[in-house]
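Read through the structure below, which is laid out as structure tokens, and then see the notes.
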Amino acid sequence: MGFRPDRVADQIRQELSELLTRGAVHDPGIGFITLTRVKVSPDLQLARVYYTSLGDDAARRETAKALQRATGFFRRRVGDRLQLRRVPEIEFHFDESVGHQDRVEQIIRELHEEEEQRKALQTVDTADTDTPAQDAPGRAHRDVDTD
């Protein structure tokens, strides 16, 4: 596999991003979305567009439906702008990797907080045990100068 699918994927992502930011799509179901990546098959017949969106699951489903409705519009516009013999079919997929990445970052933050709390407890425990020691009952420990 060469670099051509990667170049075509970048061009498709750029064109779709411009269409979305310019407001060329008038579907209210398409909320604020971010295109994370585009993967094009080696034969340039299929483009999988991965995106993220803000909102809960209901908003995510509505965005997916709106993108599905607008797929033909996007494909025509991409075909007008790119010089390809055949315009790839476009499929939109919600990018789960961003959510997984957020969860991993949250777990790492929690681990760091636990470690900080453990260190703080160890510091308190160490401070409690640093009381002056006595050699034997009734005899205080004396420092002896050897000068």
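Since every read-out is calculated from the coordinates, none of them should be taken as a lab result. Bear in mind the structure is a predicted one, so any value in this text is a computation, not a measurement. In this analysis, Cβ positions are derived from the backbone assuming ideal geometry, glycine residues included, and neighbour counts consider all displayed protein chains.
You can think of it this way: the chain between residue 32 and residue 58 has 8.0 nm of extra reach, that is 0.36 nm per residue less the Cα-Cα gap.
Normalised by 2.2 N^0.38 Å, where N counts its residues, the alpha-carbon radius of gyration of the range 4-96 equals 1.02.
Entry note, the range 4-96: relative contact order of 32 percent, from Cα contacts under 8 Å with a spacing of 6+ residues.
For 107, 90, 12, what ranking results if the residue with the fewest other Cβ atoms within 10 Å of its Cβ goes first?
Numbers: 107 10, 90 19, 12 25.
Final ranking by Cβ density, sparse to dense: 107, 90, 12.
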